[in-house]
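Trainee: Input: one structure, supplied below.
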Amino acid sequence: MNREKILSVEDLSVRFKSDEGIVNAVSDVSFELAHGEALGILGESGSGKSVTLRTIIGLLPRNRTDIRGRVRFDGREIQDLSNDEMNAIRGARIAMVFQEPMVAFDPVFTVGEQIAETIVRHDGSSWADANRRALDLLELVQIPSAKRRLASYPHEMSGGMLQRSMIALALSCGPQLLLADEPTTALDVSVQIQIILLLRELQRELGMSVILVTHDVGVAAEISDRLAVMYAGRIVETGTAAEMIEAPCHPYTDGLLSSTVLNATKGKKLNAIPGAPPDLIALPRECSFAPRCRHVQQQCLSGIPRLEPFGKGRATRCLRVSEGQLELQSANPAL
Amino acid sequence: MTGTNANMASDPAIVETQRPLLSVENLRKHFPIKGGLFGRTQAVVQAVDDVSFEIRKGETLGIVGESGSGKSTTARVIMHLFEADAGKVVFDGETVGRGGIAYRELCLNVQMVFQDSYSALNPRMPIGLSIAFGSMAHGVPRKEALDKAAILLSKVGLDPATFANRYSHELSGGQRQRVNIARALALKPRLILLDEAVSALDKSIEAQVLDLLLDLKGELDLTYLFISHDLNVVRYISDRVLVMYLGKVVEVGPVEDVYENPRHPYTRALLSSMPSMDPRNRTMEAPLSGDPPNPINPPSGCRFRTRCRFAETVCGKSSPALTAHSDMNARHAVACHMHDPGSGHSLASQTEAPE
Ligand SMILES: Nc1ncnc2c1ncn2[C@@H]1O[C@H](COP(=O)(O)OP(=O)(O)OP(=O)(O)O)[C@@H](O)[C@H]1O
Ligand SMILES: Nc1ncnc2c1ncn2[C@@H]1O[C@H](COP(=O)(O)OP(=O)(O)OP(=O)(O)O)[C@@H](O)[C@H]1O
Ligand code: SF4
Ligand SMILES: [Mg+2]
Ligand SMILES: [Mg+2]
């Protein structure tokens, strides 16, 4: 019955005033997220992933920041809400986990106290109920000896355990949307895969929608139903994770996937994308990938390409691909 | 059908190329943790414990292992940034330190590049001068050192006219890492220790720097020790790989042998912890649970036993030695009782045991 999307972002642009000039951190970002869907946002450092998440959850500083566009969450326009209304949504209905669990916890209180406190604040439950829920949550995120761990201080926990605790904190009020910003980047691979599986399981069991931000294609592929690739503040390609990884439809994604070390021949050079991303203070009025693109032609410099539908459920911000002039050959060598 | 291995070894040219450029023997580095009123030692971090390996001329040896397994400490002890508690370092046939070649000489031959490209460069020095500085300290005249720095900048793909007078904060991460590599090359080293040298870089920039390392290696006859927690990158760049766990070497061998036929339960778990790149074929089960234990008071016997599915009594009693067993490639060695026919582990095959 519920056909409406849990989240829709429309023409979002975020600019910061800085001493050097205006930073175009996010430009014309639009996407939708269905109930229970997992979207991966993939992009390199500075491409605007975190700023996009922070805008959705209303965590950006308002001064020196210019936010345009619309974010609609569960039928409500986020940008029109007052601070109080936003505070009621944040944590309770939209929750966020970060790369660094230490930022989510206060070092002077135990993990159990902090989870219970969040529950009391948002739900008005009694402390006894909140403490019971905190224990359930630590068990839900599979922390061994959960009961004893409730009384641990953040610094007494290992990296993986703290990450699980932060996820428990984020889940404490049963959010409909979980935003995860590089939740496994700081972890060792053997712990990273545990957290990936935990997030996937929780998403399915609790029917949550998830947006996962990462720069790691492998992590994105493990969790996401759909992927959006960001480059210099713009989404350059979207589609199902499986289709995109198999056959990308934007030269940037294609370049990234075909220059990975996976299956590259030993001793042979990688087909690295030359150059570096553009300066966000002086974005050119052309395809922002043009200076690094091996398929660039005159027409790519005539304006900023739009994100155009490309086949079913996919879209690309490449003029040449949209117009059928360019077929990207390189399938992902890792498959 | 002429040469058997024995014949080849008697050829002096081959003996020469087979002499390791670097060998590390029984290296140990423990860090005391002091505390309490009188600053007494309360505990000891066994960061590196009885580590031995060789690097041959022209090869790249990769070191993998989780955070805290002792990778950086190993490199730093080789560079003499920390003094070893025990063991020795032999460079090109000569023992370093007491009675052998001086550390200063080792420093001319071995250079290190770190992960943190920012803090390695002096913020108040233009990068051309930063690169020239080491040579000047070793007596090269300023003009000559600066000219050489300009050549090195172009070698690492940075136009000297544009970059020589810039400061490190004006560069991107990838550019700074190129400068660090240029600086390491200035003293014409033969061996470069790369400690997470590409780990902080974005994937597209990482690919560029890996390409650069490959070019330089061929052009300048370099040998690399490549430390990284990225198993894919290590597989691509290394000829051989060494796997560390809590300060010990658990497995070493040619990269393809180790990745395709890992023997140690830890290596197996580590490799199958890598995310699948195929959304249609995802990882369904985590190979290990929990975090690596603390290197303070590591488990007795095999240090991996607390997370190992195959652990038996013998694993807690004695520490397995790093050995090439008869069913393995001669250059592939593993430290696990399960692979040692004489150990008494119930899964150890008895077939190759002498009696
Ligand atoms: N408050 C701010 N003021 C000025 N610039 C900012 C601010 N926050 C972010 N930026 C800039 O906006 C751009 C996008 O930043 P963002 O944090 O979204 O990148 P990201 O894709 O999350 O990168 P990373 O992978 O490094 O986390 C960057 O250039 C960043 O420096
Ligand atoms: N100067 C020091 N004093 C005390 N302990 C140290 C010191 N340097 C390293 N250690 C400890 O030694 C152990 C090995 O550290 P090391 O830095 O070698 O690990 P690593 O394998 O390089 O890890 P990472 O992947 O995180 O870089 C760790 O437990 C670390 O905390
Ligand atoms: S020695 Fe024992 S505990 Fe260690 S890896 Fe082998 S089987 Fe596992
Ligand atoms: Mg970010
Ligand atoms: Mg290290």
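Just so it is clear, none of the values below were taken in a lab; they were calculated from the coordinates. Keep in mind the model is a prediction, meaning the values are calculated, not measured. As a convention, Cβ positions derive from the backbone with ideal geometry for all residues, glycine included, and neighbour counts pool all protein chains shown.
Trainee: Classify the range B:273-343 from the C-alpha gyration tensor, please: rounded if a/c falls under 1.5, else prolate or oblate depending on whether a/b exceeds b/c.
Mentor: It comes out oblate by the Cα gyration axes.
Trainee: In terms of the ratio Rg/(2.2 N^0.38 Å) built on C-alpha atoms, what value belongs to the protein assembly as shown?
Mentor: Against the empirical 2.2 N^0.38 Å value, I get 1.03 for the protein assembly as shown.
Trainee: Let me ask another. Set the bar at 21 Å for Cα to Cα. Now go through A:K269/B:K217; B:K248/B:K317; B:K148/B:K203; B:K57/B:K217; B:K188/B:K248 and name every pair that lies beyond it.
Mentor: B:K148/B:K203; B:K188/B:K248
Trainee: Here is a follow-up. Would you work out the charge dipole size for the protein assembly as shown about its Cα centre, treating the Cβ of every Lys and Arg as +1 and the Cβ of every Asp and Glu as -1, and quote it to the nearest 20 debye?
Mentor: It works out to roughly 980 debye.
Trainee: A:R204 to A:I22: FRET efficiency via 1/(1 + (r/R0)^6), r the Cβ-Cβ distance, R0 60 Å, to the nearest 0.05?
Mentor: My answer for the efficiency is 0.90.
Trainee: Translational diffusion coefficient of chain B at 25 °C, 0.890 mPa s, Stokes-Einstein with Kirkwood Rh over Cα pairs, in µm²/s as a whole number.
Mentor: 110 µm²/s
Trainee: Another one. For B:282-290, what's the mean count of beta carbons from other chains sitting within 10 Å of each residue's beta carbon?
Mentor: For this peptide, the per-residue mean of nearby foreign Cβ atoms is 6.
Trainee: Return the FRET efficiency for the residue pair B:A321, B:I33: r is the Cβ-Cβ distance, R0 is 25 Å, and the value is rounded to the nearest 0.05.
Mentor: Rounded to the nearest 0.05, the efficiency is 0.30.
Trainee: Counting partner chain Cβ atoms within 10 Å of every residue's Cβ in B:264-277, what's the average?
Mentor: Counting Cβ atoms of other protein chains within 10 Å of each residue's Cβ and averaging gives 4.
Trainee: For A:R132 and A:E156 in one chain, what is 0.36 nm times their gap in residues minus the Cα-Cα distance, to one decimal in nm?
Mentor: 6.5 nm
Trainee: Suppose R0 equals 51 Å. What FRET efficiency, 1/(1 + (r/R0)^6) with r the Cβ-Cβ distance, do B:A161 and A:E327 give to the nearest 0.05?
Mentor: Calculated value: 0.80.
Trainee: Relative to the longest principal axis of the C-alpha atoms of chain A, give the angle of the C-alpha long axis of helix A:111-123, reported between 0 and 90° and rounded to the nearest 10°.
Mentor: 90 degrees
Trainee: Mind listing the long-range amide H neighbours of B:T95? Cut-off is under 5 Å, sequence gap 5 or more, other chains count too, H placed in the peptide plane at 1.01 Å from N.
Mentor: Under 5 Å from the amide H of B:T95 lie the amide H atoms of B:I101, each far enough along the sequence or on another chain.
Trainee: If you don't mind, there's one more thing I want to ask. What nm distance separates the two modelled labels at B:E59 and B:S289, each placed 7 Å from Cα along Cα→Cβ?
Mentor: Calculated label separation equals 3.9 nm.
Trainee: Based on DSSP H assignment, which helices of chain B show an axial Cα extent of at least 15 Å together with a mean Kyte-Doolittle hydropathy greater than or equal to -1.0?
Mentor: Helices meeting the criterion: B:127-137, B:142-155, B:173-185, B:203-220.
Trainee: Something else: Residue by residue through A:219-226, how many Cβ atoms from other chains fall within 10 Å of the Cβ on average?
Mentor: Average per residue, whole number: 3.
Trainee: Something else about it: Residue separation times 0.36 nm, minus the C-alpha to C-alpha distance between A:S125 and A:S302: what's the value?
Mentor: This chain segment gains 57.8 nm when fully extended.
Trainee: Arranged from highest to lowest average of other beta-carbon atoms within 10 Å per residue, in what order do the peptides B:44-53, B:243-252 appear?
Mentor: Averaged packing, sorted descending, gives the order B:243-252, B:44-53.
Trainee: Against the longest principal axis of chain A, how steep is helix A:189-206, in degrees 0 to 90 to the nearest 10, with axes from Cα atoms?
Mentor: The angle comes out at about 80 degrees.
Trainee: To the nearest Å, what is the center-to-center distance of the range B:51-88 and the range A:32-78, using C-alpha atoms only?
Mentor: 44 Å
Trainee: In chain A, what % of DSSP beta bridges are antiparallel (nearest 5)?
Mentor: Looking only at bridges with both residues in chain A, the antiparallel portion is about 60 percent.
Trainee: Quick one: net charge of A:Q114's neighbours, Cβ under 11 Å, K/R +1, D/E -1?
Mentor: After counting each charged neighbour, the total is -2.
Trainee: When the helix-only estimate is applied to the protein assembly as shown (DSSP H runs of n ≥ 4, each -39,500 (n - 2.57), divided by the residue count), what is the mean residue ellipticity at 222 nm, nearest 500 deg cm²/dmol?
Mentor: Rounded to the nearest 500, the figure is -9000 deg cm²/dmol.
Trainee: Nearest 10 degrees, 0 to 90: what angle lies between the long axis of helix A:159-171 and the longest principal axis of chain A (Cα atoms)?
Mentor: For helix A:159-171, the angle is close to 80 degrees.
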